[in-house]
1. If I ask for residues that are closer than 18 Å to Ala68 by Cβ and of a type outside the set (A, V, I, L, M), which ones from segment 17-36 would you list?
2. Conditions first: (1) surrounded by 15 or more Cβ atoms within 10 Å (Cβ to Cβ); (2) in a helix (DSSP H, G or I). Gln14 passes all but one, so which condition is the exception?
3. Exactly one of (1) more than 13 Å from the chain's Cα centre (by Cα); (2) surrounded by 16 or more Cβ atoms within 10 Å (Cβ to Cβ) is unmet by Leu46. Its number?
4. Go through (1) open to solvent by less than 90 Å² (accessible area, probe 1.4 Å); (2) modelled with pLDDT of 95 or more for Pro82 and report which single condition fails.
5. Being open to solvent by less than 50 Å² (accessible area, probe 1.4 Å) and either over 15 Å from Ile2 (Cα atoms) or out of contact with any Leu (no Cβ under 6 Å at 6 or more places or on another chain) (or both): is that true of Thr76 here?
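The values are calculated or read from the model by the stated rules, or taken from the named source; none is laboratory data. Worth saying up front: this structure is predicted, and the values here are computed from it rather than measured. In this analysis, Cβ positions are derived from the backbone assuming ideal geometry, glycine residues included, and neighbour counts consider all displayed protein chains. The area values use the complete protein model at the heavy-atom level, side chains included, leaving out ligands, DNA and RNA. Shrake-Rupley method; radii C 1.70, N 1.55, O 1.52, S 1.80 Å.
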Amino acid sequence: MIASIQVFFEGNVQGVGFRYTVRQIAKGFDVTGSVRNLRDGRVELLATGEDDEVRAFVEAIGQSELHAHIRKHSETPLPNPPDFRGFEIRHD
């Protein structure tokens, strides 16, 4: 079953290589999506793939060295997944 989620990470998540590390972690999973900094200091992750792959990907982020920077994260399922052709860092 295909799943698509939006995750917001809060904490010391900007200026620490967070997006680049997430992109590296994504290479180990069969997921598409994007990661970007938000003006309010959070990082937004969009991920689409088989449900178990998406879950494992988000879990891997939480278990990586990024764990020390994450104070809180929240997940929301996306009923209409964006169309991504890979995994990218967005700069918008």
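1. Gly17, Phe18, Arg19, Tyr20, Thr21, Gln24
2. Only one criterion in (1) surrounded by 15 or more Cβ atoms within 10 Å (Cβ to Cβ); (2) in a helix (DSSP H, G or I) is unmet by Gln14, namely (2).
3. For Leu46, the exception is condition (1).
4. Result: Pro82 passes all but (2).
5. Spelling it out, it is not the case that Thr76 is open to solvent by less than 50 Å² (accessible area, probe 1.4 Å) and either over 15 Å from Ile2 (Cα atoms) or out of contact with any Leu (no Cβ under 6 Å at 6 or more places or on another chain) (or both).
Table: residues versus (1) in contact (Cβ under 8 Å) with a residue 40 or more places away in the chain; (2) over 14 Å from Ile89 (Cα atoms); (3) within 11 Å of the chain's Cα centre (by Cα); (4) surrounded by 12 or more Cβ atoms within 10 Å (Cβ to Cβ).
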| site | (1), (2), (3), (4) |
| --- | --- |
| Ile2 | yes, yes, no, no |
| Gln6 | yes, yes, yes, yes |
| Phe9 | yes, yes, yes, yes |
| Val22 | yes, no, yes, yes |
| Gly28 | no, yes, no, no |
| Gly33 | yes, no, yes, yes |
| Arg36 | yes, no, yes, yes |
| Ala56 | no, yes, no, yes |
| Glu59 | no, yes, yes, no |
